[in-house]
Amino acid sequence: MHPGLAELLRLLELEQLEINLFRGVSRDIGSPQVFGGQVLGQGLRAAYGTVEAGRVAHSLHAYFLRRGDFNAPIVYFVDRSRDGASFTSRRVTAIQHGEQIFHMSASFQVAQPGVEHQIAMPDVPPPESLRESDPAPKAALEAMPEKARRQYASARPFEFRMVERGDPTQPKNAPPLQHIWMRAIDRLPDDDVLHRCLLAYVSDFFLLDTATLPHGTSFLKPTLVMASIDHALWFHRTLRVDDWLLYAMESPSASGARGFARASVFARDGRLVASAAQEGLVRSRKDS
């Protein structure tokens, strides 16, 4: 298996310390703190570790409270809030250095039939017609801070193909919309739990960046402070992250030093498999 993807799968293999208590390690991907998607994926995996087999996650709602330290383990405590006939509720708290860094509520459901409808997938070029978005051009890599440069140059577990391509080192004002095809770099086991945890991981890429597009700035600008505040994810239908998924993002609003973005995730065959939303800190460093 691709080394970057194999490493990510190892990150999702939590150690069970006690009933309802799990421990995970981190990977430095070049960001100043633990990547939020990693904590989302590990938190969901911890919750799954306490849920009856056959119940699938249909939603999660999380808050990032403090920066995670990737040099120290993260302990996840799962509160078994409720086990009902159809639904299971869990609350996960991530602890590091004696402090909460993250908490999440997740809900699981027994598979049940019901009414069905969905919005249509946007009409965008197929992924085969787009060039790979990694690695970044040499000039862009040289202009990045050292940690960001390591992130772009490392063996990424996912590949991304952008419909609207821009240069984050020279951002220009653009509509607050992004369409990005994404998939795991290699084939994965037929494990629905794994695919949902990996979607939680990758859903933290690019989403908040959408709120910067109308303002001619990007996460690479040293004058810009960006940090995720919360993250929500709804799973609508079965999915595979090793098949192409279209991440269709928009940012309806930015105000009060916060940017808001939401997204739909479509399978290659047009099925709406998930939805996501995120609010984050977006402000000039002089105001921080």
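The values are calculated or read from the model by the stated rules, or taken from the named source; none is laboratory data. Remember, it's a predicted structure, so these values are computed and weren't measured experimentally. So basically every Cβ, Gly included, is an ideal-geometry build from the backbone, and we count neighbours across all protein chains shown.
Remark: pairs (first residue in region 170-192, outside any loop (DSSP other than H, G, I, E, B); second residue of a type in the set (Ser, Thr, Tyr); Cβ separation under 6 Å; 6+ apart in sequence or on different chains) = 178/210; 180/247; 182/247.
Candidates in region 233-267 are the residues that are free of Cβ contacts under 8 Å to residues at least 40 places away in the same chain and not in a strand (DSSP E or B); of these, the one that is nearest to residue 212 (Cα to Cα) is 257. Look at region 42-58: where a residue is over 15 Å from residue 9 (Cα atoms) and a partner is assigned to a strand (DSSP E or B) and among the β-branched types (Val, Ile, Thr), sitting 6+ places away or on another chain with Cβ atoms under 6 Å, you get 47/78; 47/92; 50/78; 51/88; 55/88; 55/110.
Taking the criterion of being within 12 Å of the chain's Cα centre (by Cα) and either in a loop (DSSP other than H, G, I, E, B) or not aromatic (Phe, Trp, Tyr) (or both), the residues of region 198-229 that qualify are 198, 199, 200, 202, 203, 204, 205, 206, 207, 208, 228. If you check 136, 148, 143, which single one turns out to be of a type in the set (Gly, Ala, Ser), over 23 Å from residue 27 (Cα atoms) and either at pLDDT below 70 or surrounded by fewer than 17 Cβ atoms within 10 Å (Cβ to Cβ) (or both)? Residue meeting the stated conditions: 143.
Listed here are the residues, each with its yes/no results for (1) at pLDDT 95 or above; (2) in contact with a Ser or Thr (Cβ under 6 Å, 6 or more places away or on another chain); (3) surrounded by 16 or more Cβ atoms within 10 Å (Cβ to Cβ).
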position: 46; (1), (2), (3): yes, no, yes
position: 51; (1), (2), (3): yes, yes, yes
position: 65; (1), (2), (3): yes, no, no
position: 75; (1), (2), (3): yes, no, yes
position: 81; (1), (2), (3): yes, yes, no
position: 88; (1), (2), (3): yes, no, yes
position: 95; (1), (2), (3): yes, no, yes
position: 108; (1), (2), (3): yes, yes, yes
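Could you list, in sequence order, all residues of region 216-253 that are over 22 Å from residue 67 (Cβ atoms), touching a Pro at 6+ places or on another chain (Cβ under 8 Å) and surrounded by fewer than 23 Cβ atoms within 10 Å (Cβ to Cβ)? Don't jump to the end; show me each part of the working.
From region 216-253, those over 22 Å from residue 67 (Cβ atoms) are 216, 234-253; that's our starting set.
Then keep just the ones that are touching a Pro at 6+ places or on another chain (Cβ under 8 Å); that gives 216, 244, 246, 248, 250-252.
Answer for region 216-253, where residues must be over 22 Å from residue 67 (Cβ atoms), touching a Pro at 6+ places or on another chain (Cβ under 8 Å) and surrounded by fewer than 23 Cβ atoms within 10 Å (Cβ to Cβ): 216, 244, 248, 250, 252.
In summary, residue 257 fulfils each of the numbered conditions (1) modelled with pLDDT under 95; (2) within 22 Å of residue 119 (Cβ to Cβ) with the single exception of condition (2).
Tallying residues that are in contact (Cβ under 8 Å) with a residue 24 or more places away in the chain and part of a strand (DSSP E or B) within region 1-30 yields 6. Just checking: which of the strands (runs of 3 or more DSSP E) contained wholly in region 31-129 hold 2 or more residues that are under 25 Å from residue 263 (Cβ atoms) and touching a strand residue (DSSP E or B) at 6+ places or on another chain (Cβ under 8 Å)? So the answer is 55-64, 87-96, 99-110. Of all residues in region 186-200, count the ones that are crowded, with 18+ Cβ neighbours inside 10 Å and either closer than 18 Å to residue 161 by Cβ or small (Gly, Ala, Ser) (or both). Final tally of qualifying residues: 3.
Among the residues of region 46-80, those identified as more than 12 Å from residue 91 (Cα to Cα) and among the charged types (D, E, K, R) are 52, 55, 66, 67, 69.
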